[in-house]
Amino acid sequence: MENSRRKFFKKAAALTLGAIASSEIIKATTVASSFLEKEILPIDAGKYTLPALPYAYDALEPHIDKLTMEIHHSKHHQGYVANLNKALETVDGNILGSPQTFENIFEKIAKLPAALRNNAGGHYNHSLFWTMISPKGGGEPTGKLAEAIKKEFGSTEEFKKQFTEAAMKRFGSGWAWLVKTKEGKLAITSTANQDNPLMNLTEIEVKGNVILALDVWEHAYYLKNQNRRADYITSFWNVVNWEMAEGLYNL
Ligand code: MN3
């Protein structure tokens, strides 16, 4: 990626704010952006930590339930953080480079232990995902992102259909993504496990900066929806944070 991820998230706050008029949305987006910035900036004493969610566990009710959010964040995400720190202890710091950014880790991921691929991916992907959903979410995409979606997919409806298909077709555990490729085009893709479109791996078919992320691991929906992934995806559209997505698109 040509942009450093740190610059990417630092700019997110300012640029997202510039695109938005409603004060309530500004508040939600500011929280999400500073959450991301904290996440991506140099880590405390060499250890990653689990930041608090930018909203309460029950804030997405009735679409995504409190218990799912609580376990997903405080157990699953916490687990990735702990295992990422453990995995990093086994890696020579010189390999990762300085500063030790996710951008560097993902660039070199093919040469790093599988535990790093799973847990750096897990920590990064979840950190992004929490900002992709919001109590103020739902509705329609806005601004330049709305224009780009229309240009690439014909309509928001058609985009949602294709993104939903990608999320439904992911066999087992993984993620669905909307990315902006280095040519500046929007593309939908899906990855297995905790891989993501930033990883420098041959099996990552579409690479790019993340605009939208959806966790389709069963742990993201099983308590409420059991095997009904389609219902969970419908819930996602009800809380999707288009303002954040537009902010990321505008970077
Ligand atoms: Mn998850």
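The values are calculated or read from the model by the stated rules, or taken from the named source; none is laboratory data. Quick caveat: nothing in here was measured; it's all calculated off a predicted structure. Here the Cβ is made from the backbone with ideal geometry for all residues, glycine too, and neighbour counts use every protein chain on show. What goes into the accessible areas is simple: the full protein's heavy atoms, side chains included, and nothing from ligands, DNA or RNA. Shrake-Rupley method; radii C 1.70, N 1.55, O 1.52, S 1.80 Å.
Descriptive notes on the structure:
- Ser173-Ala52 FRET efficiency (beta carbon distance; Förster radius 25 Å; 0.05 resolution): 0.50
- Three-way shape label, the range 61-187, alpha-carbon gyration tensor, a/c 1.5: oblate
- 3J(HN,Hα) from dihedral phi, the range 164-172, Karplus parametrisation 6.51/-1.76/1.60, rounded to Hz, x for glycine, proline: 4, 4, 4, 5, 6, 7, 4, 7, x
- For Gly174, nonlocal amide neighbours, meaning residues 5 or more places apart or on other chains whose placed amide H falls under 5 Å from its own, are Asn193, Val216, Trp217.
- For Ile133, distant residues with modelled amide H under 5 Å away: Asn241
- Legend: residue pairs Lys66/Lys144; Lys108/Lys136; Lys108/Lys182; Lys161/Lys185; Lys75/Lys224; Lys66/Lys108, Cα-Cα distance threshold 25 Å; pairs beyond threshold, Lys66/Lys144; Lys108/Lys136; Lys66/Lys108.
- Here r is the Cβ-Cβ distance between Lys185 and Tyr222 and R0 is 30 Å; the resulting FRET efficiency, rounded to 0.05, is 0.30.
- Think of each Lys and Arg Cβ as +1 and each Asp and Glu Cβ as -1; about the Cα centre, that makes the dipole of the range 163-251 roughly 80 debye.
- Full-stretch length increase - Ala115, Ala146 - with 0.36 nm per residue and alpha-carbon distance subtracted: 7.4 nm
- Given R0 = 45 Å, the distance between the Cβ atoms of Asn200 and Lys66 translates into a calculated FRET efficiency of 0.75.
- Averaged over its residues, the range 42-156 has an accessible area of 46 Å² per residue, based on protein heavy atoms and a 1.4 Å probe.
- For the range 238-251, 3J(HN,Hα) computed residue by residue from phi via the Karplus equation (6.51, -1.76, 1.60; θ = phi - 60°) reads 6, 10, 4, 8, 5, 5, 5, 4, 5, x, 5, 5, 6, 5 Hz, glycine and proline entered as x.
- Counting only protein heavy atoms and a 1.4 Å probe, the range 164-251 has 39 square angstrom of accessible area per residue.
- Label zone at Thr90, where the point sits 7 Å out along the Cα-to-Cβ direction: the range 115-130 residues whose backbone N lies under 14 Å: 115-120
- What a 1.4 Å probe finds exposed on the range 121-216 is 49% carbon and sulfur by accessible area, rounded to a whole percent.
- HN-Hα J in Hz across the range 187-196 - Karplus 6.51, -1.76, 1.60, θ = phi - 60°, x for Gly and Pro: 8, 9, 8, 8, 10, 8, 6, 10, 5, 8
- Gyration tensor verdict on the range 168-251 (Cα atoms; rounded if a/c is under 1.5, prolate if a/b is larger than b/c, oblate otherwise): oblate
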